[in-house]
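The values are calculated or read from the model by the stated rules, or taken from the named source; none is laboratory data. This structure is a prediction, so every number in the text was calculated from the model and none was measured. Here the Cβ positions follow ideal geometry from the backbone for every residue, glycine too, while neighbour counts run over all protein chains shown. Please note that ligands, DNA and RNA were not included when accessible areas were found on the heavy atoms of the full protein model with its side chains. Shrake-Rupley method; radii C 1.70, N 1.55, O 1.52, S 1.80 Å.
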Amino acid sequence: MAGLNRVILIGNLTDDPELRYTQAGTARTRFAIAINRRWRDREGNLQEETTFVPIVVWGQQAENCANYLEKGRLVAVEGRLRIDSFETEEGERRKVVEVVADTVQFLGAPGSGTGGTGAGAGTGASADEAVSAPAPGSDVAAGSEPAPPGPSQPQPPAKPKPPEEEVPF
């Protein structure tokens, strides 16, 4: 029987990301996010619980996270849960639980520590797409979209419609 291991979390970074490289040169960034949950108990009192979740990101996305994220920044993480166990030098069994991220979306504006409309907000873009910088010397501001084609820029030709009898069903 097939299994499913998928995690989607939104929370704030608890500290600045830590970037390291493997001996093979692969980038790995670790950080943790705090996820707040609020509810009312039976008496109507507001209760709050915070869960701290460690995250690990690999490759180019790890470098992007290390370069553009900071403590307090709101992020959405999608990935898989990994649980590893090991034995300490004292003979104690320990477990490590972390999320191995496939995508990290930067949701809050840089430096805000809260929500907002930062790069990649709600786009479904990975961190690689969400933080791509403009080419050096271009007039496009970071995080903004390039200007749509105008009269001075050529537009691609429109595709002609196929005749009715050639439309596949």
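Note that segment 7-15 has calculated 3J(HN,Hα) couplings of 10, 10, 9, 10, x, 9, 4, 8, 7 Hz, one per residue in order, obtained from phi through the Karplus relation 6.51 cos²θ - 1.76 cosθ + 1.60 (θ = phi - 60°); glycine and proline are x. Once Rg and the Kirkwood radius are both taken over the C-alpha atoms of segment 47-109, their ratio Rg/Rh works out to 1.07.
Given R0 = 30 Å, the distance between the Cβ atoms of residue 100 and residue 48 translates into a calculated FRET efficiency of 0.60. Annotation: amide H of residue 109 within the under-5 Å range of 114, 116, 117, 118, sequence separation 5 or more or interchain, hydrogens built in the peptide plane. Per residue, the accessible area of segment 8-114 comes to 63 Å² when a 1.4 Å probe rolls over the protein heavy atoms.
For segment 1-101, the direction-averaged projected area of the alpha-carbon convex hull comes to 10.5 nm². Among the GluC sites (Glu not before Pro) in segment 2-56, those located in a DSSP loop and surrounded by at most 15 other Cβ atoms within 10 Å of their own Cβ are 43. Once the C-beta distance of residue 88 and residue 6 is scaled by a Förster radius of 41 Å, the resulting FRET efficiency is 0.85 to the nearest 0.05. Applying the Karplus relation 6.51 cos²θ - 1.76 cosθ + 1.60 with θ = phi - 60° to segment 62-74 yields 3J(HN,Hα) values of 5, 5, 4, 4, 5, 7, 10, 9, 8, 3, x, 5, 7 Hz, where x marks Gly and Pro.
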